[in-house]
Amino acid sequence: GWAGGYPEIVKENELFERYYREQGIVPAGEWDAFMAALREPLPATLRITGYRSHAREILHCLKEKYFRELQDLEVDGQKVEMPQSLSWYPEELAWHTNLSRKILRKSPQLEKFHQFLVSETECGNISRQEAVSMIPPLLLNVNPHHKVLDMCAAPGSKTAQLIEMLHADMNVPFPKGFVIANDVDNKRCYLLVHQAKRLNSPCIMVVNHDASSIPNLQIDVDGRKEILFYDRILCDVPCSGDGTMRKNIDVWKKWTTQNSLQLHGLQLRIATRGVEQLAEGGRMVYSTCSLNPIENEAVIASLLEKSQGALELADVSSELPGLKRMPGITKWKVMLKDGQWFEEWKDVPSNRQTQIRPTMFPVKDEEKLKAMNLERCLRILPHHQNTGGFFVAVLIKKSPMPWNKRQPKVHQKLPQRTEDTEVTAANSDNGCESINEEPALPENEESKKIQDLQNSDTEQSKKERVCGPPPSKKMKLFGFKEDPFVFLPEDDPLFLPIQKFYALDPSFPKMNLLTRTQEGKKRQLYMVSKELRNVLLNNSEKMKVINTGIKVWSRNSDGEQFGCAFRLAQEGIYTLYPFIHARIINVCIEDVKILLTQENPFLSKFSSETQKKVKDMAMGSIVLKYDPDPEKPGDLQCPIVLCGWQGKTSLRAFVPKNERLHYLRMMGVEVFKAKRKEEESESKTEEEVQHGMAQTEEGMDVEDKEHDLVVKMEAEIGEESSHSPVESSTMEVENKIEDLDQSSKNANNRVSQESKDTDMSNVKD
């Protein structure tokens, strides 16, 4: 029969069963349980971000309020099970429930819980992510000083985990480490930007390259240029995706061994490029959402064999206690899509030797095989802990790869540049560079190479302070041409009034400020970490940068009459706050509630202490800080920093709507009902409120240009399309954004139906 216009997919595939029975990846006696689990829908899982000090408050709110409301609840005659924490995920920060996405979206009893999930996801406080996809970042063991490369990063849930780990200590606004997140698909890069933006980190850069030929980058180390090697690399390669059958049911009818045979070569090239760029002593995690040994153990065995001892598999059996895993296998066979088996390369007929390659077969030498320790790989089977299928291998680099025994470095001292405010984000349209690591050069060749580098730098310096391509945003065959990244020169007159107005600390790293415009007024100021600035400045012709930096200031059309043309931006306030010494108002929890529930409240509504502080302060942008009182455990116990605006007779907060709702929930305010009332009253009070508002101007941001593309991309992958409103000074703009959100959701419903027939041959979690 037809359900919703589409025939129901039969969850049977004879070739799949025959193939995996023969490979022996499932323990004896568990085959029926394995197949039964694959036919069941995947439980919904969510992860609370450990990035902010608010994580404990969100966890408390979830457990004490929303989960309790699910007790004894029945939906469509099915009892809702209480959500359970994933036993292997640290600090109870990941949970799973038997509620499917369809039930969450459609059921009126769960509307409040669903609204909570959507809103908190937009704020970056919750990530709805499949349980097994949380494993690779955990096994990377990222520390705040690590330089991290995510080779195939879109859509970005694992990248978000990596960013959280960099910011483990929230008292450090600029960790020394960074994440470079790469994806070959230009459109998916914008989805990646959208995910990363939720975490407001100055330490993330999104680039667009073919992972198998991602270029060597250079950094300046004490005046000399050196090749950048990464401490940690996440290599989550494109795969056939047969571990995702529970959520991507198309795989049942489309599965064939041909997919894995076609992808094996690409997976091996990407993994090889990854280990080339790994620092000695560094760790690389290779992962797929496939169960197939051709995409898993075969790739790892081939990599270990050609590394000649430079790599070893790490023993992670003691990490993530509570996670049920199967060891990697040492024997497997290769099958063609017609069901023909081959046990050794010598058995493959010559007419099949383009489809089947020698690297797909297990190593025959028993000594070599034993030394590889392939059993240290992890395979997650769906029936063990009610998850998807997954494969992970953790590699440690002990020495340079044999084809490049000496790590390529440029040793000669370079003269200090006086005007290093210049960088060009890569602009080869296809984003592809040479596939191999640069060979070790004789000294005279190295010197010649350095001279060429210096000459190209000098030529570049003669131009205006450009940090990227011309700002043409026209869609090209290989993606958008990106706006430039222009660092503020040290003597830029723009900065002095900002520094005076906010009494910025002398330690403030103003050299890390950049704009995305080459000509005309600078409307937004962004900030990156010192280390990412180094990467941007030294790789002008190599990188195609899609996005980096967080917005810290926005131009305000009326600001100059108040002493500063730029107001603070909420997304960068936690980074800026440690450096600001003026225009800070400490507020009590009742004041915070007024700021977040009323659009433009009069000063008389605030506490007498707040009124006194505001009295002698000039109009303009301000910081509103709430510090918890340990003697009042019933109140919110995490600090809050908000951007605000002080008018003649009023005080207001500039906070995106979802972030407002987040803080109100944490304070115990019932926002579900409040939101309904607000929507009813908005049309009545709009003109009145607009009349009394402080007039500011948000300006057209780079992200705004990308908004439609992100809406479309989220629709294509069948996700919720709920977009965080841009900060704005009028309710009219907020209403328009809500209308846009609603229309994008409608579009999403249509597109997600169409996407049911999408080819799943290249699935990534």
Karplus-derived 3J(HN,Hα), 6.51/-1.76/1.60, for each residue of the range 201-210, Hz, glycine and proline x: 10, x, 10, 10, 10, 9, 10, 10, 9, 6
Check Phe178: other-chain or 5+ apart residues with amide H under 5 Å from its amide H, H built from backbone geometry? Lys147, Val148
Can you pull the accessible area of Asp76 for me, 1.4 Å probe, Å² to the nearest 10? 150 Å²
If I take the Cα coordinates of the range 500-588 and project them onto the principal axes, what are the three extents in Å, biggest first? 48, 28, 24
Signed unit charges on C-beta, dipole axis of the range 43-128, positive-most listed residue His54, Phe67, Gly124: Gly124
Using 7 Å Cα-to-Cβ label points, what is the Arg21/Glu609 separation (nm, one decimal)? 7.3 nm
Dimensions of the range 62-158 along principal axes (Cα, Å, largest first)? 49, 25, 20
Using a 1.4 angstrom probe and counting only protein chains, how large is the accessible area of Arg18 in Å², to 10? 110 Å²
Counting Lys +1, Arg +1, Asp -1, Glu -1, what net charge surrounds Pro633 among other residues with beta carbon under 14 Å of its beta carbon? -3
Quote to one decimal, in nm, the extra length available between Ile589 and Glu8 on full extension: 0.36 nm per residue of separation minus the C-alpha distance between them. 203.8 nm
Which percent of the accessible area of the range 43-128 is formed by carbon and sulfur heavy atoms (probe 1.4 angstrom)? 46 percent
Spatial extent of the range 101-250: Rg and Dmax, with the Cα atoms as the point set, Å: 17.3, 63
Label-point separation (nm) for Asp616 and Lys398, each offset 7 Å from Cα along Cα-to-Cβ? 6.8 nm
Per residue and in cubic angstrom, what volume does the convex hull of the Cα atoms of the range 524-670 have? 147 Å³
Karplus couplings for the range 111-127 from phi (6.51 cos²θ - 1.76 cosθ + 1.60, θ = phi - 60°), rounded to Hz, Gly and Pro as x? 4, 5, 5, 5, 4, 4, 4, 4, 5, 5, 5, 4, 6, x, 8, 9, 10
Full-extension gain in nm, Trp31 to Asn386, via 0.36 nm per residue minus C-alpha separation: 126.3 nm
Sequence of Lys331, Lys346, Lys522 when ordered by accessible area, the most exposed leading, probe 1.4 angstrom: Lys346, Lys331, Lys522
Would you rank Thr649, Thr330 by solvent-accessible area, highest first, keeping every protein chain in place and using a 1.4 Å probe? Thr649, Thr330
Round to the nearest 0.05 the FRET efficiency obtained for Ile227 and Gln262 when R0 = 35 Å and r is the Cβ-Cβ distance. 0.60
Relative to the present Cα-Cα distance, how much length would full extension add between Lys176 and Arg56 at 0.36 nm per residue of separation? 40.7 nm
As a test of the definition: which semi-axes, in Å, follow for the range 583-671 when you take the square root of five times each eigenvalue of its alpha carbon gyration tensor? Largest first, please. 21, 15, 11
Net charge around Pro27, counting only other residues with Cβ within less than 13 Å of its Cβ (Lys, Arg = +1; Asp, Glu = -1)? +2
Using the Karplus curve 6.51 cos²θ - 1.76 cosθ + 1.60 with θ = phi - 60°, what ³J(HN,Hα) values do you get for each residue of the range 340-351, in whole Hz, with x for Gly and Pro? 7, 9, 9, 9, 9, 4, 5, 7, 7, x, 4, 6
Would you list Glu280, Glu490, Glu164 from the most to the least accessible area, probe 1.4 Å? Glu490, Glu280, Glu164
Virtual spin-label span in nm between Ala168 and Thr597, 7 Å along Cα→Cβ: 4.0 nm
What is the sum of charges around Val285, taking Lys and Arg as +1, Asp and Glu as -1, for the other residues whose C-beta is under 9 Å from the C-beta of Val285? +1
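The values are calculated or read from the model by the stated rules, or taken from the named source; none is laboratory data. Not measured: the values here are computed from a predicted model. Don't worry about glycine lacking a Cβ; one is built from the backbone with ideal geometry, like all the others, and counts go over all protein chains shown. When the accessible area is computed, the model is the full protein with side chains, heavy atoms only, and any ligands, DNA or RNA have been set aside. Shrake-Rupley method; radii C 1.70, N 1.55, O 1.52, S 1.80 Å.
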